[in-house]
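Here's the structure, in structure tokens; my notes come after.
Any read-out appearing in this document is the output of simple, stated calculations on the displayed coordinates, not a laboratory observation. Since this is a predicted model, take the numbers as computed values, not measurements. Cβ atoms come from the backbone with ideal geometry, glycine included; neighbour counts cover every protein chain shown.
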Amino acid sequence: MLTRKIKLWDINAHITCRLCNGYLIDATTVTECLHTFCRSCLVKYLEENNTCPTCRIVIHQSHPLQYIGHDRTMQDIVYKLVPGLQEAEMKKQREFYHKLGMEVPGDIKGETCSAKQHLDSHRNGETKTDENSNKETSEEKQEEDNDYHRSDEQVSICLECNSSKLRGLKRKWIRCSAQATVLHLKKFIAKKLNLSSFNELDILCNEEILGKDHTLKFVVVTRWRFKKAPLLLHYRPKMDLL
């Protein structure tokens, strides 16, 4: 089977940031047009502009920063294609935090330790048993879970009740991860209202019932794109006619 080799130079245009001309770091995509940039470059640019640096389309008249998102897939591709880029970036970030006398954030520290352990095991010719491997994976997952998604992109939400059959929440303003789903909100509301089941609820945006698997990011992009924060959602008993 013949394989075709592609030089990195040939695909540089697809994995570099138009603003700094370097390889993408913390790749962040504009949800309006799907053009991708380094997060720091894009955030700095949007402090004085509201259009995409590539196609000049208006991202949002007043809150463009709410319509950009971390592109993990693109960043993984860049790190796999460019040798040594991830290690170099992790080193720069560690040096930056050490220079400021600050503790290295958990996600950076975790990636660094994981990479170092992986390299050390190969250098020493060690082969880990499945039990040890599973134990380490479990510990890493626990460390990840303890972050409670605070490092995720956040969404501000206002939860309003539009039915006389349910009471309103005492605190209707919440802020949570953009990766949270409508199902998470249903469970949250059911717990606050002491309902027997979250299945008794419907959540709506612009009078349209939302699917339980929709992420808040998806809801913002598809139903609240040109409106100001917070995202306004209504809840009501299931099958309750407005």
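Observations on the structure shown:
- Taking a Cβ cut-off of under 13 Å around residue 69, the surrounding Lys, Arg, Asp and Glu residues balance to a net charge of -1, with basic ones at +1 and acidic ones at -1.
- Here each label is just a point 7 Å from Cα along the line to Cβ, and for residue 50 and residue 97 those points are 3.6 nm apart.
- Cβ-based net charge around residue 181, under 12 Å, with every Lys or Arg adding one and every Asp or Glu removing one: +3
- Counting every pair of alpha carbons in the stretch 6-79, the share spaced more than 17 Å apart comes to 38 percent.
- Relative intensity, log₁₀ I(q)/I(0), of the stretch 57-104 from a Debye sum that treats every alpha carbon as a point, q = 0.27 Å⁻¹: -0.89
- Summed side-chain charge close to residue 192 - residues other than residue 192 whose Cβ falls under 9 Å, Lys, Arg +1, Asp, Glu -1: +3
- Each of the peptides 157-167, 14-24 was scored by the mean count of other Cβ atoms within 10 Å over its residues; in descending order, highest first, they stand as 14-24, 157-167.
- Amide H to amide H, with H built 1.01 Å from N, residue 178 comes under 5 Å of 153, 154, 155, counting only residues 5 or more places away or on other chains.
- Flagged links, alpha-carbon separation over 21 Å, of 172/192; 172/227; 7/92: 7/92
- Cα centroid of the stretch 50-104 to Cα centroid of the stretch 213-235, whole Å: 24 Å
- Long pairs among 165/228; 186/238; 44/228; 5/91; 212/238, criterion Cα-Cα beyond 23 Å: 165/228; 5/91
- Label point distance in nm, residue 9-residue 158, each placed 7 Å from Cα along Cα→Cβ: 5.6 nm
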